[in-house]
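Below is one structure, written out as structure tokens, with a few remarks after it.
The values are calculated or read from the model by the stated rules, or taken from the named source; none is laboratory data. Not measured: the values here are computed from a predicted model. For neighbour counting, all protein chains shown are included, and Cβ atoms are generated from backbone atoms with ideal geometry for every residue, glycine included. Just the protein is used for accessible areas: all its heavy atoms, side chains included, with ligands, DNA and RNA removed. Shrake-Rupley method; radii C 1.70, N 1.55, O 1.52, S 1.80 Å.
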Amino acid sequence: MKADLLRKKFLEFFAGKKHKIVVSDSLVPAGDPTVLFTSAGMNQFKKQFLGQITDFRRAASSQKCLRTDDLDKVGQTPFHHTFFEMLGNFSFGDYFKKEAIAWAWEFLTEWLKIPQDKLWVSVYKEDDEAYQIWLKDIKIGKDKIVKLGDKENFWPSEAKQKGPNGPCGPCSEIFYDYGKDIGCGKKDCDPACSCGRFAEIWNLVFTQFNRKEGGSLEPLPNRNIDTGMGLERLAAVMQGVKSNFETDLFEPIVKEIVKEAGRSPNLKIVYVVADHIRAMSFAILDGVLPSNDNRGYVVRKLIRRGVNNCRQIGIKKAFLYKLVSVVSEVMKEPYPELLDRRENIAAIIKREEESFWNVLKETEPKMISSFELFRKELKSTSELAKKVAEFAFELHDTYGYPKEMTQNFAKDNNVPFDEKYFDVLMQEQKQRSKSASSMAGDVFVDAEIKGDLEATEFVGYETMEEKSKILKIFDQENNEVKTTKGLKTAKIILDKTPFYAESGGQICDKGIISQDKDAKLEVVDVKKIHQSIIHICGSIKGEFKVGDKVNAEVDIERRLAIARNHTATHLLQAALRKVLGEHVQQQGSLVAEDRLRFDFTHFKQLTKEELSRVEELVNEYIINNDTLKVEEKTTAQAKKEGALAFFAEKYADKSRVVKIGAHSKELCGGTHLKATGQIGLFKILSEGSVAQGIRRIEATTGKVAYKNMKQKEELIQELSNMLKTDEGNLISSLSKLIDSSKALDRRLSSAKLESVQKSLNDIIASGKVVNAVKIIAYKIDDADFGVLRSVMDMLKKNIKSAIITLGSVKDGAVMIVMGVTDNLKDKGIDASDMIKSVAEVVEGKGGGRSDLAQAGGSNASKLGEALSKAIEISERKVR
């Protein structure tokens with residue numbers, strides 16, 4: 001049975017059991033700080049598990065998941081993956097163990113016709129209720145029920161002893177028995193054995209406790225069901241193969257890799273590549289781009305592991321990107337969006353691959369010479385191991401070179417590696433940059449305000465002023481109170497409101513909540529928690545109580561400015577798709593009162609002509625004065641009709657569809673204008689790159705755009721007056737002035753170089769010799785980089801073995817040039833590495849070649865200190 005049919009049957013089965021079928025969430029969980037990626041089917045149902053009542057209490061899904069905790073096992077076992085699909089059924093205070101167990105058994109044995117004698121189960125050792133259901137209701141023999149402990153059959157694993165706090169409970173697992181001929185062959189072999197005979201296919205978690213601080217368990221008022229069954233493992237069972245990599249989900253990918261390798265490659269390595277290409281493709285689809293931080297680093301690591309594994313099977317060029325089309329073809333039925341984005345995703349992977357191949361060419365020869373140098377310098381094994389770890393960290397920090405690859409390279413060359421010291425350096429760097437994500441320690445993390453929050457009716461699409469009633473008041477510590485008396489700030493929940501809460505990239509409304517002229521609340525922020533809209537009030541005049549009738553009034557001018565930018569954002573996407581192609585898709589946005597920002601998929605910088613045409617098109621749409629039509633449709637129907645959706649946004653079953661003439665149709669919950677003519681004017685401010693394959697445009701509309709244009713007109717007029725010319729001749733006048741300035745700079749630099757040339761012997765004499773190497777660090781007043789580089793060349797011609805640092809301050813900017821002679825470069829001494837530490841002293845950055853590097857800085861007062869640092873580093877290198 002094909003995987004697509006298995007997925008379909010699973011969802012059909014639970015739809016028949018009155019479960020709501022929920023589409024897969026993004027791999028990037030929205031508003032969940034506990035995980036980097038969606039790692040289980042239950043992630044998107046956390047609010048239901050926390051007790052929030054929604055329109056369903058039973059759900060089923062096939063969820064995209066990504067995990068990297070078992071990365072080293074991928075390819076080594078038949079069933080470990082980074083990316084996989086989790087089939088799951090869930091109950092939120094509805095049915096419990098009896099139904100969960102019975103339905104799991106029914107689906108496997110009656111719908112899929114798996115022979116009952118091929119199935120075993122495990123239960124938690126203290127869960128007699130589950131044991132009795134399996135024994136008496138399902139009638140499984142005692143010999144096929146295994147009792148296991150906290151590590152195997154309690155969720156989260158060992159939570160009773162180790163935490164985390166929060167909902168937890170016992171679980172029961174269903175295993176498929178491949179037969180006595182597989183595995184260890186022992187007579188007493190059962191699912192507790194890891195020999196490979198038994199494959200776990202379904203885990204039923206019975207969430208019935210709340211773990212408190214100290215490890216105590218208290219019963220939950222509402223008991224929940226959370227089950228998970230890996231589609232890949234189920235497919236292996238149903239297709240009669242021993243490995244997930246032999247199923248129809250992987251077979252076409254594996255074949256393509258083997259074909260490219262051109263011989264009989266190591267299949268375990270092939271399986272790693274096949275796994276990783278699925279993970280990176282879906283992660284990029286969901287907006288995670290290769291980088292050196294958090295989620296982006298996971299994707300970069302997967303791509304670079306993929307490249308390294310390709311090398312091991314003889315593929316010596318960028319290849320992974322070619323597999324995206326194969327993956328998208330395999331997954332096109334459940335995920336047609338992957339097929340639509342395949343070219344963009346392939347381009348992103350290709351660029352990352354090519355970049356890493358360049359890194360490999362530069363890095364690996366450097367590693368060999370560096371290891372040799374470290375061996376000569378350091379006799380102690382522990383010091384050598386630390387030095388190699390430090391080197392690995394520098395490679396990771398500078399090039400994104402994976403630690404594991406340096407570690408493996410060191411192992412192949414019999415060089416020790418201090419992994420703990422590497423981790424210390426990584427932690428220090430994270431603290432310095434403050435870029436590490438803050439993952440929460442509890443299983444579930446809820447919003448700031450707790451308690452039973454009543455729903456707020458949003459009426460802001462129709463009106464900007466509404467008569468309302470106060471339902472709840474919270475103080476600044478989020479404690480529920482009955483009155484605002486004595487409070488400086490407050491959070492208010494109304495029964496209905498025209499205030500738009502920040503969402504989907506659009507900032508919130510601001511305005512006033514009032515009773516009369518003597519009682520006013522200034523609304524400075526608006527947030528949405530579940531179905532409640534929270535009005536955050538920054539100042540309070542008079543007293544307000546729960547139950548009071550109030551008037552909620554949005555700042556109209558501000559709302560209209562935001563709406564101009566939001567409607568213009570839709571027009572901008574339409575224009576980009578027309579000018580650049582339909583591969584353009586939204587990757588993020590900001591809609592504020594004074595500007596808009598739009599991130600989109602595209603492979604390269606827009607040309608001046610493309611940018612001009614995009615701006616021109618948007619203004620044409622504005623002049624057309626097209627009426628906006630807003631409809632509410634099912635999300636599935638809207639997408640089928642061609643409505644665009646933002647990949648990271650989670651849409652309800654029914655969504656608002658905003659249609660603008662024949663140009664644009666998008667799913668959108670934001671506030672808009674009635675017609676495009678209300679925008680007035682659209683002006684692009686900037687276009688640039690935010691990540692590989694992602695571009696960003698910033699723009700303004702309406703009054704702000706007009707004001708910006710007026711400022712530019714005034715600037716042009718002022719420049720014309722200064723140069724005593726008219727606007728038409730401004731460019732030629734400026735060109736003449738610049739040419740004159742450059743000629744003067746050249747004459748000054750030449751004079752400076754002649755002056756320094758006379759004191760060349762003094763510069764050489766200022767240095768000192770350490771182990772037959774001349775170390776020089778010298779300040780040259782008022783010299784630019786050109787002069788410093790020329791002096792460096794002259795010094796290197798006069799000295800056989802030297803490390804030279806030259807510094808200067810010109811027009812308030814610090815300039816530093818560092819060079820090493822060829823004999824030292826060949827020994828692994830690298831100017832581009834050394835200059836980074838020197839540059840930090842003057843609050844700058846640097847880089848370059850191994851024989852010549854340069855750095856700029858902003859703190860001129862620290863140049864002397866920087867040159868002293870250069871001497872210290874240079875001496876350390878040659879001792």
> Any idea how many residues of segment 464-521 are touching a helix residue (DSSP H, G or I) at 6+ places or on another chain (Cβ under 7 Å) and in a strand (DSSP E or B)?
Replying inline: 1
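Could you tell me whether any residue of segment 681-693 is hydroxyl-bearing (Ser, Thr, Tyr), open to solvent by less than 60 Å² (accessible area, probe 1.4 Å), without any contact (Cβ under 8 Å) to a residue 60 or more places away in the chain and closer than 18 Å to Val591 by Cα?
Checked against the condition, which is being hydroxyl-bearing (Ser, Thr, Tyr), open to solvent by less than 60 Å² (accessible area, probe 1.4 Å), without any contact (Cβ under 8 Å) to a residue 60 or more places away in the chain and closer than 18 Å to Val591 by Cα, segment 681-693 yields at least one hit.
Going through segment 383-415 one residue at a time, which ones are among the hydroxyl-bearing types (Ser, Thr, Tyr) and open to solvent by less than 10 Å² (accessible area, probe 1.4 Å)?
Hits for segment 383-415 are Tyr401, Thr406.
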>> Just to be sure I understand the filter: pairs with C-beta atoms under 9 Å, separated by 6 or more residues or on different chains, first member in segment 211-230 and of a type in the set (Gly, Ala, Ser), second member open to solvent by 40 Å² or more (accessible area, probe 1.4 Å). Which pairs pass?
In response: Gly215/Lys160; Gly215/Gln161; Gly215/Lys162; Gly230/Phe79; Gly230/Glu200
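To keep it simple, each residue is scored yes or no on (1) open to solvent by 20 Å² or more (accessible area, probe 1.4 Å); (2) more than 15 Å from Cys171 (Cβ to Cβ); (3) polar (S, T, N, Q); (4) not in a helix (DSSP H, G or I).
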position	(1), (2), (3), (4)
Thr77	yes, yes, yes, yes
Phe84	yes, yes, no, yes
Gly88	no, no, no, yes
Glu110	yes, yes, no, no
Val121	no, no, no, yes
Glu126	yes, no, no, yes
Glu129	yes, no, no, no
>> Can you list residue pairs whose Cβ atoms sit under 6 Å apart, with the first residue in segment 257-272 being farther than 9 Å from Ile313 by Cβ and the second being not polar (S, T, N, Q)? Count only pairs 6 or more apart in sequence or on different chains.
In response: Lys268/Gly75; Tyr271/Gly75; Tyr271/Phe245; Val272/Val74; Val272/Gly75
> Residue check, Ala192 against (1) outside any loop (DSSP other than H, G, I, E, B); (2) open to solvent by 20 Å² or more (accessible area, probe 1.4 Å), all met but one. Which one?
Replying inline: (1)
>> Restricting to segment 656-678, give me the number of residues that are touching an Asp or Glu at 6+ places or on another chain (Cβ under 8 Å) and closer than 21 Å to Leu338 by Cβ.
In response: 1
> Does Phe37 qualify as being open to solvent by less than 40 Å² (accessible area, probe 1.4 Å) and not in a loop (DSSP other than H, G, I, E, B)?
Replying inline: no
>> Given the options Lys98, Lys64, name the one that is assigned to a strand (DSSP E or B) and either in contact with a helix residue (DSSP H, G or I) (Cβ under 6 Å, 6 or more places away or on another chain) or modelled with pLDDT of 95 or more (or both).
In response: Lys64
>> Quick test for you: out of Asp181, Asp177, pick the one residue that is over 24 Å from Gln63 (Cα atoms) and open to solvent by 50 Å² or more (accessible area, probe 1.4 Å).
In response: Asp181
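Of these, Ser62, Ser91, which one is touching an Asp or Glu at 6+ places or on another chain (Cβ under 6 Å) and of a type in the set (S, T, N, Q)?
None of the others qualify; the one that does is Ser62.
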> Can you pull out the residues in segment 784-803 that are open to solvent by less than 10 Å² (accessible area, probe 1.4 Å) and closer than 14 Å to Gln757 by Cβ?
Replying inline: Val787, Leu788, Val791, Met792, Leu795
> Within segment 512-542, which residues are hydroxyl-bearing (Ser, Thr, Tyr) and under 16 Å from Lys469 (Cβ atoms)?
Replying inline: Ser514, Ser532
>> List pairs: first residue in segment 761-772 and in contact (Cβ under 8 Å) with a residue 12 or more places away in the chain, second residue in a helix (DSSP H, G or I) anywhere in the structure, Cβ distance under 6 angstrom, at least six positions apart or on different chains.
In response: Val770/Glu875; Val770/Val878; Asn771/Val878
>> Quick check on my filter: what residues within segment 427-441 are part of a helix (DSSP H, G or I) and at pLDDT below 75?
In response: Gln429, Lys430, Gln431, Arg432, Ser433
> Do we find that Lys712 is part of a helix (DSSP H, G or I) and either open to solvent by 70 Å² or more (accessible area, probe 1.4 Å) or within 30 Å of His566 (Cβ to Cβ) (or both) in this structure?
Replying inline: yes
>> Residues to consider are Gly460, Gly451; find the one that is closer than 25 Å to Thr54 by Cβ and at pLDDT 95 or above.
In response: Gly460
> Of the residues Gly163, Gly179, Gly183, Gly169, which single one is free of Cβ contacts under 8 Å to residues at least 60 places away in the same chain and under 30 Å from Tyr95 (Cβ atoms)?
Replying inline: Gly169
> Can you tell which of Gly702, Gly728 is without any contact (Cβ under 8 Å) to a residue 60 or more places away in the chain and farther than 30 Å from Arg341 by Cα?
Replying inline: Gly728
> So which helices (runs of 4 or more DSSP H) are wholly in segment 312-426 and hold at least 2 residues that are at pLDDT 90 or above and under 30 Å from Leu249 (Cα atoms)?
Replying inline: 324-330, 336-340, 342-377
>> Please return the ranges of strands (runs of 3 or more DSSP E) entirely within segment 563-672 where 2 or more residues are surrounded by 17 or more Cβ atoms within 10 Å (Cβ to Cβ) and in contact (Cβ under 8 Å) with a residue 60 or more places away in the chain.
In response: 586-591, 596-601, 654-660, 664-667
> Would segment 526-548 turn up any residue that is open to solvent by 40 Å² or more (accessible area, probe 1.4 Å), within 30 Å of Ile697 (Cα to Cα), without any contact (Cβ under 8 Å) to a residue 60 or more places away in the chain and outside any strand (DSSP E or B)?
Replying inline: no
